[in-house]
Amino acid sequence: MKQLSLLVPAVLLASAGLSPQDPLARIDQEITRIQPRIVEIRHQLHQNPELSNREVKTAALIAEYLKGLGLEVQTGVAKTGVVALLKGGRPGPVVAVRADIDALPVTEQTNLPFASKVRATYLGQDVGVMHACGHDIHTAVQLGVASVLSAMKSELPGTVKFIFQPAEEGPPPGEEGGASLMVKEGVLNNPRPQAIFGLHAFAEMAVGDLGYSEGPALSAADTWEVKIVGRQAHGARPELSIDPIVAAAEFIQALQTIRSRTFSGHEPGVVTIGAIHGGQRHNIIPADVTIIGTIRTFRPEMSQLAEARLRAILKGVTEAAGATGEVVRYERGAPATINNVQLTRETVPALERVVGKSHVTRIPPAMGSEDFSFFANEVPGFYYRLGQVKPGTMSGDHHTPTFLADDSAIPVGIKAMSFILVDYLSRHKP
Ligand SMILES: [Zn+2]
Ligand SMILES: [Zn+2]
């Protein structure tokens, strides 16, 4: 009886719109209201994917939606990026949240009624374009979060900076773009957030599950290209040649010792050759061979060590063959994404409240790479995975034509991200 009578004022307050209601209930209420529109937007984005640094229509849609919410919107950031500020009605810190918005040169092969049929020119080739990494989900989720938090604006203790980032998959060769350009253009200043959050759809997790890593989450990605120049000859006269194919074979074999003999057994690393080009015919020893690959590490000193070993192996192998070896390029892409340990520990309980403890899994660091790291190297960052697979269905891997992220991941993403932002602001308010 006592409990019942205590309930009455709360109900009255709620109906007057004055209740300091559980933020999760508020978030749920808002999600119910906006979900149909947000799912529609996701379909629109999925059906009209745009390649990195070409996200023109995507950016326009985002900006229009955010303006409709009454946010301060800035466009043309790092070419096609959009940044918006939501100032809460109460004093508090600034926190940022980031969604990537670009698609990939992949031809979609799903049965989705809103599957992409878009084609574009990429590196001089006609290609299909697809949201094959779930960035359509990320964009839709973040627009949803902006809606939810706008509805809670008066109670919000602090400011949320919404970052919609282009070119996460990497700008076309010769162009700048993505998170590094956003940072360079000052996206983390005026106002500077004291933490940043990001999520990524995950093809290995069911809808309703969330995953995170504490500390190292995703590796750094270096790409390189090597050219071995020999001497061309008839295939029947190897004695007249300097065979770059045999030298390339030795180089490729020896390169694997970087991982197995140079790195400690405890040090994560991947050395992969992605392409090898040389020769035209069975009876011609070609003049040269080109090899391209990637090296993944978690610490800058390991990346430097790997590059030094690659150069030494190339020199040794080609000298022995009488050929010449040239490192045409060795480029460092995104650094490793390292989740701030304290921020991780204070955020995970909030994720557990959203989906239940048994649905939040700590996952080992992955050898994929993410340019979220450029933000997380500036301010403490936390990046987590959003399950995307509808039970009973399958998704192809990221970047493949059968990649399949289900709409039902959207409300989970909105709820998780909205709640951890509100939770962060509430815990860090003055
Ligand atoms: Zn991707
Ligand atoms: Zn991605």
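Given axes a ≥ b ≥ c from the Cα gyration tensor, I'd like to know whether the chain is rounded (a/c under 1.5), prolate (a/b larger than b/c) or oblate. In terms of gyration-tensor shape, prolate.
Per-residue Karplus couplings for the stretch 208-221, computed as 6.51 cos²θ - 1.76 cosθ + 1.60 with θ equal to phi - 60°, are listed in order as x, 9, 10, x, 8, 10, 9, x, x, 10, 9, 7, 7, 10 Hz, Gly and Pro entered as x. Taking all protein chains into account, the per residue accessible area for the stretch 115-169 stands at 27 Å² (1.4 Å probe). Computed from backbone phi with θ = phi - 60° and the Karplus coefficients 6.51, -1.76 and 1.60, the 3J(HN,Hα) list for the stretch 377-387 is 7, 9, 9, x, x, 9, 10, 9, 9, 10, x Hz; x is used for glycine and proline. Helical runs (DSSP H, four residues minimum) scored at -39500 (n - 2.57) apiece and divided by the length of the chain put the mean residue ellipticity at 222 nm at -11500 deg cm²/dmol.
Applying the Karplus relation 6.51 cos²θ - 1.76 cosθ + 1.60 with θ = phi - 60° to the stretch 190-196 yields 3J(HN,Hα) values of 6, x, 8, x, 9, 7, 9 Hz, where x marks Gly and Pro.
Judged by the gyration tensor of its Cα atoms, with axes a ≥ b ≥ c, the stretch 220-332 is prolate; a/c meets the 1.5 cut and a/b is the larger of a/b and b/c.
As I understand it, the value is the acute angle between the Cα axis of helix 409-428 and the longest principal axis of the Cα atoms of the chain; what does it come to in degrees, rounded to 10? Roughly 70 degrees, rounded to the nearest 10. Among the listed pairs Lys57/Lys429; Lys161/Lys184; Lys57/Lys87; Lys117/Lys415; Lys357/Lys429, those with a Cα-Cα distance over 28 Å are Lys57/Lys429; Lys117/Lys415. Around the amide H of Gly158, modelled in the peptide plane, lie the amide H atoms of Gly88, Gly89, Arg90, Gly92, all under 5 Å away and 5 or more residues distant in sequence or on another chain.
Taken per residue, the accessible surface of the stretch 220-332 reaches 54 Å², heavy atoms only and a 1.4 Å probe. Rounded to the nearest 10 degrees, the angle from helix 300-321 to the longest Cα principal axis of the chain is 20 degrees. Helix 2-15 and the longest principal axis of the C-alpha atoms of the chain enclose an angle of approximately 70°.
Share of the chain's accessible area from carbon and sulfur, percent, 1.4 Å? In the chain, the share of accessible area belonging to carbon and sulfur is 54 percent.
The values are calculated or read from the model by the stated rules, or taken from the named source; none is laboratory data. A quick note: this is a predicted structure, and the numbers were derived from the prediction, not measured. These area figures cover heavy atoms from the full protein model, side chains too; ligands, DNA and RNA do not enter into them. Shrake-Rupley method; radii C 1.70, N 1.55, O 1.52, S 1.80 Å.
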